[in-house]
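Here, each number is a calculation from the coordinates, and none is a lab measurement. Note that the coordinates shown come from a computational prediction; the quantities given were computed from them, not determined experimentally. Here Cβ is always computed from backbone atoms with ideal geometry, including for glycine, and neighbour counts include all displayed protein chains.
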Amino acid sequence: MHPARARRLKLVVIMLIGVFIAGGFAFLAFKENLMLYFTPSEVAAGKAPTGQRFNIGGMVVDGSVIKSSQSVDVQFDVTDYDKTIRIKFADILPDLFREGQAIIAKGKLNTEGVFIADEVLAKHDETYMPKEVADSLKHKNKPGYDKTKPSPSPSPSPSP
Amino acid sequence: MIVEFGQFALILALILALIQAVLPLIGTLINLPNLILVARPAAQAQFLALVISFACLVYAFVIHDFSVAYVANNSNTNLPLLYRVSAVWGAHEGSLLLWALVLSLWTFAVTIFSRQVPPLMLARVVSIMGWISIGFLLFLIITSNPFARLFPVPAQGHDLNPLLQDFGLAIHPPMLYMGYVGLSVAFAFAIAAMWANRLDSAWARWSRPWTNIAWIFLTLGIALGSWWAYYELGWGGWWFWDPVENASFMPWLVATALIHSLAVTDKRSSFKAWTALLAIFAFSLSLLGTFLVRSGVLTSVHAFASDPERGVFILLFLLLVVGGSLTLFAMRAPLIKSHSQFSLLSRETALLLNNIFLVVLAIGILAGTLFPIFTVALNLGKYSVGFPFFNFIFVLLGTPLALLLGFGQLLRWKKDRARQHITKLIPLAISILLAVASVLMMSYFSFYALLGMSLAWWMLIMTITSFMQRFKNQPFSFSSLRKIPPSYYGTHIAHIGVVVFCVGITLTSNYSSKKDVLLKPGESYQMDGYRYKFNGAKQITGPNYRGYEGDVVITKNNTVIANMKPQKRIYFSQQNPMTEAAIDAGFTRDLFVALGEERGQAGAWTLRLYYKPFIRWIWLGAIIMSLGGLVASFDKRYRQKNKRTQTAAEKDRPDGELA
Amino acid sequence: MLRYLIPLAVFIILVIFLAIGLKNDPRYVPSPLIGKPAPDFSLPRLFTPSTTFGPKSLRGKVWILNAWTSDCVGCRQEHPYLLALSKNKLINLIGLDYRDSNTLAIALLKEHGNPYQVVVTDQDGSVGIDYGVYAVPETFIIDKKGIIRFKYIGPLFPDEINKTILPLIKKLNEEVG
């Protein structure tokens, strides 16, 4: 083999190994840092893992926010209009956090089924609903809303 | 009337963009010099039309013309003048108009400052930029008209998002857009060169100053955004790996790679296909960023109010621009022959590795950002990728990059001898010792701090060594300093910027303290040697808001360091409160206090306290980097006619390229 | 030569994913209330605050609830179309003035016309929350049995009114109450 070509081949091989090692590490980091999203119903049904971080999203239940007057702690409930999960948070809530608003919380579930959040996200925009929350509300209501076709018949709900 | 005039100027700009794009294209195809000469005046006229259009929108904001829906949505009679002007680019429509204006400004600049470029080549570049402009102007006019009228006319506007009522954010978007859009010049030069089958070192030399300047704006724009997030979002973070931030960081990484790769193509006539590909990537990532921010495919804390229709338009545009240029690349790249060879140990190899690490980092960030879209599309569930992933790959790939930065500067072009460089182990050892000493001065030991500081010392020592190499054969004197070309200064200044940046992130990330506390008036909290005493909060009223202002006195060893006045504002036009943090800025540390909310009856408030060592160095580093870029752009080589400055590798071939 | 096509291939795959991402339209947020009975309320009327109004009196009719405020741009955009819509005899359009100043709201309707049969004022926003209003304007269609059948977020433009609202009202009117 031509010496120059051999050198180039060596270079390519070294680079490929480097990229593969980097890719491998990155993949490991990826796996550890992937956070699944769950709705309150899924959490209530026991689908969410305990002891592992995940996201939960829903609407903050009106009147559920309780703020401690002794510490920074707060607790509130989020709902997908089906099941409700209690969230505890020991930091300052974002400015845009409000009752009746959609939020996403990141954290872990404790053994009592309370979600211990380490981060709570609300959005800058007042007219915002996190996409995940919007989607999960959509799934809650299968026969319901469709952009072009209004619901053909009411879903089986108690007749007034 | 003025508003209709602005609308008219916008449509005129579209017509001029069509002329600018189509006529020179036909001219180059059928070789009609008259049509080629149209490029320059058409581009200049288009710029003028967009300036007028933009001025009309500014005017509508200044006089509170709420008959314009966009003004009514984003302004208010209580809004101060400065923010009425910056409100022009505070939301989707206006910021897109700014984008179009900036694009035509760059094109205008190209027509003025590229006298050394042959007219035919210039016509191609201007035509390509015209095509991009057509895309954006159509997008603007069809889906996002900023001049759309509103009836009935409201008496009061909805007000600008209070987060955007801030000086830093008033200038952040124009800076960032100058950077994003500036990459279109390098892109247009690359496409023009491929189109003409002239991917040579002259092309690289023409592109270099433009890429530098775009990169400077991008660097400053990102730094400003980070600074703004730090003090205005109120919660003390300076980088969140949010999709919108990533959208600006990815093109920066690729543009940085491009700057280095252009140097090789310019000086050694090597890496030609790769450089062209990087130019395409850099601009494509800017466009992708636009798509991500405005289409609503990703959940981001600060995306624009999203609209899928707009998303479809940008995606089609992206497909056309990027798909088209990559197809052209696939057709032309196989024809390129590289003439110069280099050995495994050479500056070329070091720069190639630099490029690979930067691009792999950009791809990693892209993968992390788009991962939620992939999993949803493949029906694998809803995931989000946490910031630890991004931090991890940043450190993983940043470490070899920093090592390379130190070492690569001292390598010769083409071929170097390994034996000569064994001595570099000495500065490496010195760096580690200095880093150990630095870390021991901090409050506790941290492995990552040691790593970061070692890399910083290493880069510093090697950059100085590299700079001093100039004086091997001549005395260190004022006159010899003056003989050094600006690009040599620029490189080393920028690398010092990287050192400062590296120190900043290392120390801030490893030694910051944060605590959320509940304090009654008179109570205090001790953290990192500083005592924060809360003296209660009182009501305040501003021009378009009311709120509370806290009073916190910080002392250290009983000496008063600062009296902080963090605020909580409620703007009249909005329902949500806004946090205005108080920051005591310093060269080696920032103290940060933000007001949370009132709890109970005793006047107690929740407060967030931060101690952030060396955080200013992050932005200072970015400023030094861009200063380096600026100095390098002044190099005379870029302004000379190409004949006299052929590279050594090309000298024996008359036209250089394409055997 | 094929290796030069790799960037293009990767890019095309990326675009496909982005296009799928776009299809998951984030703007159309469904109301969990669709198919459920419309929450009851009894709120003061805007023009005669001493009297109240509630959905009970609309039982057996198809009606539209439009949540709006005087300072909302989207509401102004849809205003002329609502006026046109209100000319239609089949339409019972009820306005929910959501967290607004009564004076400003009255001034707006006096100046530009009132499309609503009745406007009620929801000062504290509690009814809005019952209906899951999170950004005005929002529009609900309620059938003869008092069940919410449709919700629309954002200003109503002629396109949406002609393609969706009017056909739905017609259909609901044919249903047995």
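Observations
- Counting only DSSP H runs of at least 4 residues, each contributing -39500 (n - 2.57), and dividing by the residue count of chain B, the helix-based mean residue ellipticity at 222 nm comes to -20500 deg cm²/dmol.
- Residue mean of other protein chain beta carbons inside 10 Å, B:320-327: 3
- The packing ranking of peptides B:202-213, B:387-398, highest mean first, is B:202-213, B:387-398, where packing means the average number of other beta carbon atoms within 10 angstrom of each residue.
- Chain C: angle of helix C:6-23 to the longest principal axis, Cα-based, in degrees nearest 10: 10 degrees
- Net +/- balance of residues flanking B:GLY529 in space, Cβ distance below 13 Å, scoring K and R +1, D and E -1: +2
- With each label modelled as a point 7 angstrom along the Cα→C-beta vector, the A:GLN52-B:SER524 pair spans 4.8 nm.
- Mean ellipticity per residue at 222 nm, deg cm²/dmol - from DSSP H runs of n ≥ 4 across chain C, formula -39500 (n - 2.57): -10000 deg cm²/dmol
- Geometric descriptor of chain B, per residue, is 185 Å³ (volume of the convex hull of the Cα atoms).
- Amide H contacts for A:LEU109 (H built 1.01 Å from N in the peptide plane; partners 5 or more residues away or on another chain; cut-off under 5 Å): A:GLY51, A:GLN52, A:ILE116.
- Ranked list, fewest to most other Cβ atoms within 10 Å of each Cβ, for B:GLU245, B:GLU348, B:GLU549, C:GLU175: C:GLU175, B:GLU549, B:GLU245, B:GLU348
- Once you reduce segment B:131-195 and segment C:107-135 to the center of their Cα atoms, the two points are 35 Å from each other.
- Likely footprinting exposure, C:ARG99, C:ARG59, B:ARG589, fewest C-beta neighbours within 10 Å first: C:ARG59, C:ARG99, B:ARG589
- For segment C:88-103, 3J(HN,Hα) computed residue by residue from phi via the Karplus equation (6.51, -1.76, 1.60; θ = phi - 60°) reads 6, 5, 6, 9, 10, 9, 10, x, 10, 7, 8, 6, 9, 8, 4, 4 Hz, glycine and proline entered as x.
- Measuring between alpha carbons in the structure, the pairs from C:LYS36/C:LYS163; B:LYS520/B:LYS568; C:LYS56/C:LYS144; A:LYS106/C:LYS36 lying more than 21 angstrom apart are C:LYS36/C:LYS163; A:LYS106/C:LYS36.
- Other residues with beta-carbon under 13 Å from the beta-carbon of B:THR107 carry, at +1 per Lys or Arg and -1 per Asp or Glu, a net charge of +2.
- Straight Cα distances below 14 angstrom link B:LYS565 to the aspartates and glutamates B:GLU549, B:ASP551, B:GLU580, B:ASP584, with same-chain residues fewer than 8 positions distant left out.
- Once backbone amide H atoms are built at 1.01 Å from N, C:PHE47 has C:VAL119 as its partners under 5 Å, excluding neighbours fewer than 5 places away on the same chain.
- 10 Å Cβ neighbours from other chains, averaged over peptide B:602-609: 2
- Inter-label distance, A:PHE20 to C:GLN123: 7.4 nm, where each label sits 7 Å from its Cα along the C-beta direction.
- On full extension, the segment bounded by B:ALA602 and B:LEU120 gains 165.9 nm, given 0.36 nm per residue less the C-alpha separation.
- Nitroxide proxy distance, nm - points 7 Å out along Cα→Cβ at B:LYS337 and B:LEU425: 4.3 nm
- Annotation: the residues B:MET331, A:MET59, sorted from fewest to most other C-beta atoms within 10 Å of their own C-beta, follow the order B:MET331, A:MET59.
- FRET efficiency, 1/(1 + (r/R0)^6) with R0 35 Å, evaluated for B:ALA155 and B:LEU48 via beta carbons: 0.50
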